[in-house]
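Single-structure report; data block below.
The values are calculated or read from the model by the stated rules, or taken from the named source; none is laboratory data. Predicted model, so just to flag it, every value in this text is computed and none were measured. As a convention, Cβ positions derive from the backbone with ideal geometry for all residues, glycine included, and neighbour counts pool all protein chains shown. All accessible areas refer to the heavy atoms of the entire protein, side chains included, with ligands and DNA or RNA removed. Shrake-Rupley method; radii C 1.70, N 1.55, O 1.52, S 1.80 Å.
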Amino acid sequence: MELFDVAIVGGGPAGSVCAAFCAGTGLQTLVLEREKFPREKVCGDCLNPSCWPVLQRLNLAQRVRDLPHSKLDSVEFIAIGGRNVIVDLPSGDDCELSVKRSLFDALLLKHARELGAHVREETTVTVLVHNENWKIETDRGENFSARILVGADGRNSTVARLCNLLPRPARERVALQAHVPLPQNFGRRVVLQFLQEGYSGQAPVNETELNLCLVGTPPTISRLRRWAEDHFEIIADQSWRTITPLTRSPVPCAHGNVLFIGDAARVVEPFTGEGIYYAMQSGELAAIAIAKIIHGKDPQSALRQFARACAEMYRGRLWINRLARMAVLSPRIASVLVRFAPVSSVAMRLLTARIISRE
Ligand SMILES: Cc1cc2nc3c(=O)[nH]c(=O)nc-3n(C[C@H](O)[C@H](O)[C@H](O)COP(=O)(O)OP(=O)(O)OC[C@H]3O[C@@H](n4cnc5c(N)ncnc54)[C@H](O)[C@@H]3O)c2cc1C
């Protein structure tokens, strides 16, 4: 059996970016991905401007701009009852844009392949055994062996579960997502709309389609869907993707010689649209640590540096996550704040600036 330097479970943004950086430095890199790409995902499809530096280091920024996308000029917060606050987003090369995950994720995974990573799609990891190295079994009955393992398999991480690290999910909320026909004159805005039953995120992803996300609780989600069907005149047999949990405790990002990145390590509140950035950035940080270990540096020290770099990435930002969660769990209170213009427009402008900048 071939011994890989690193096996990465999950080929989303976290896993693909980690694989690209590992393969780019000459490591024998394996990616095991459950789905066949291209595939859609429950996501708002918005790329926070902080993603650009990572994409530039991957030499992918222009290829992302070449994908069908929408440039987003502004974010509009809408309170229950309809009062709104509009905040401008940056323009130019550092703009926020929306691109379908089927296109974005497929490009990242293709790039990892181009740099030499071995990618196995439609391959679900089912068993992990650790002796000197990791032995990985899949649902196809195949076995792989690797010196280092990376869990990049999302919020319901199998790797974390098989390592007995997956926290009990708080199944308090559920998300639905669909691409629906773009309403006329929707404009180039992201809409974050508070509703009695939860909230909705809306963003155009190209000239003809709107990404529509709904987040509610199990008892309210069907009412939210009916609201969306009426509001956007959606056909009755529209298919919706779904995901839960929206919140869970973090998993340690380094545990023995398994590293966790992206949603597998920490699930952030979708409302702020930062998850893809954290996934890509943590993928890059993991690759730096893995290269050090494979090239003979002290593994404990490399893992400690990785853990510190991950903590630094979130430092001073988790309050935004908590604030966003409070707002979406209490849409009525959040709506009162949005209605309280002009104070709210200053607050929303400051908050948006903080979310889209890493300075
Ligand atoms: C409603 C909603 C809206 C959101 N909107 C935004 C937004 O607009 N912008 C933003 O930046 N973020 C947004 N996010 C967050 C974002 O979607 C995630 O943070 C991001 O997808 C995390 O990337 P990842 O690579 O860590 O995990 P994922 O993208 O979840 O990728 C994990 C991969 O692992 C694979 N996998 C899982 N189990 C196995 C297994 N056992 N074996 C092999 N493969 C496996 C899966 O098939 C998947 O491809 C949103 C989230 C939600 C829920």
Loop-located trypsin sites (Lys or Arg not before Pro) in region 13-52, at most 16 other Cβ atoms within 10 Å (DSSP): K36, R39
Separation between the W319 and A353 pseudo-spin-labels, each 7 Å from Cα along Cα→Cβ, expressed in nm? 1.6
Return, for the Cα atoms of region 250-359, the radius of gyration and Dmax in Å, separated by a comma. 17.4, 58
Subtracting the Cα-Cα distance of Q300 and A236 from 0.36 nm times their residue separation yields 17.5 nm
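Nearest 20 debye, what's the magnitude of the dipole of the chain about its Cα centre given +1 on Lys and Arg Cβ and -1 on Asp and Glu Cβ?
On the way: 43 positive and 37 negative charges, 207 e Å.
Rounded to the nearest 20 debye, it is 1000 debye.
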Tell me the accessible surface of H118 in square angstrom (1.4 angstrom probe, heavy atoms of protein chains only), to the nearest ten. 80
Leading residue at positive end of dipole, the chain (Cβ point charges), from S335, A23, V54: S335
Does region 1-67 classify as rounded, prolate or oblate by the C-alpha gyration tensor (a ≥ b ≥ c root eigenvalues; a/c under 1.5 gives rounded; else a/b over b/c gives prolate, otherwise oblate)? oblate
What length, rounded to one decimal in nm, is gained on full extension from R65 through to I333, with 0.36 nm per residue of separation minus their alpha-carbon distance? 92.7 nm
Return the distance in nm (one decimal) between the two label points of a simple spin-label model at E35 and N84, each offset 7 Å from Cα along Cα→Cβ. 3.0
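Only four residue types carry charge here, +1 at the Cβ of Lys and Arg and -1 at the Cβ of Asp and Glu. Report the dipole size of region 1-129 about the Cα centre in Debye, rounded to the nearest 20.
Details: 14 positive and 17 negative charges, 37 e Å.
Rounded to the nearest 20 debye, it is 180 debye.
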Accessible-area composition of region 266-329, carbon plus sulfur, in percent [1.4 Å probe]: 59
Alpha-carbon centroid distance for the pair region 272-308 / region 109-165, whole angstrom: 17
Just name one of I294, P250, W240: the one whose Cα is farthest towards the positive end of the charge dipole of region 212-359 (beta-carbon charges, Lys/Arg +1, Asp/Glu -1). P250
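Which value, in debye to the nearest 20, describes the size of the charge dipole of region 126-242 about its Cα centre when Lys and Arg Cβ atoms bear +1, Asp and Glu Cβ atoms bear -1, and nothing else is charged? Before the final figure, lay out the partial values.
On the way: 14 positive and 13 negative charges, 85 e Å.
Using only the charged Cβ atoms, the result is roughly 420 debye.
Between rounded, prolate and oblate, where does the chain land on the alpha carbon gyration tensor, with a ≥ b ≥ c its root eigenvalues, rounded for a/c under 1.5, else prolate if a/b exceeds b/c? Before the final figure, lay out the partial values.
Numbers: a/c = 1.78, a/b = 1.72, b/c = 1.03.
The shape class here is prolate.
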So for the pair T126, A311, with labels modelled 7 Å out along Cα→Cβ, what separation do we get in nm? 3.9
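For region 1-113, what % of the accessible area comes from carbon and sulfur atoms, probe 1.4 Å? Write out the running numbers ahead of the final one.
Working: 1960 of 4130 Å².
Here it works out to 47 percent.
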Could you tell me which trypsin sites (Lys or Arg not before Pro) in region 276-347 are loop residues by DSSP with no more than 10 other beta carbons within 10 angstrom of their beta carbon? R315
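Using a 1.4 angstrom probe, figure out how much accessible area the chain has per residue, in square angstrom, rounded to the nearest whole.
Details: 15910 Å² over 359 residues.
Computed with neighbouring chains in place, this is 44 Å² per residue.
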Report the full-extension gain for the segment R223 to F186: residue separation times 0.36 nm, less the Cα-Cα distance, to one decimal in nm. 11.0 nm
If you take the square roots of the eigenvalues of the alpha-carbon gyration tensor of region 103-203 and sort them as a ≥ b ≥ c, do you get rounded (a/c under 1.5), prolate (a/b over b/c) or oblate? oblate
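Please give me, ordered by residue number, the GluC sites (Glu not before Pro) of region 204-303 that lie in loop per DSSP and have at most 15 other Cβ atoms within 10 Å.
Working: sites: E207, E209, E229, E233, E274, E284; in loops: E207, E233, E274.
Here the GluC sites (Glu not before Pro) that fit, given the DSSP loop and packing criteria, are E207, E233.
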Distance from a point 7 Å along Cα→Cβ of L3 to each backbone N in region 128-155: keep the residues under 18 Å and list them by number. 129-137, 143-150
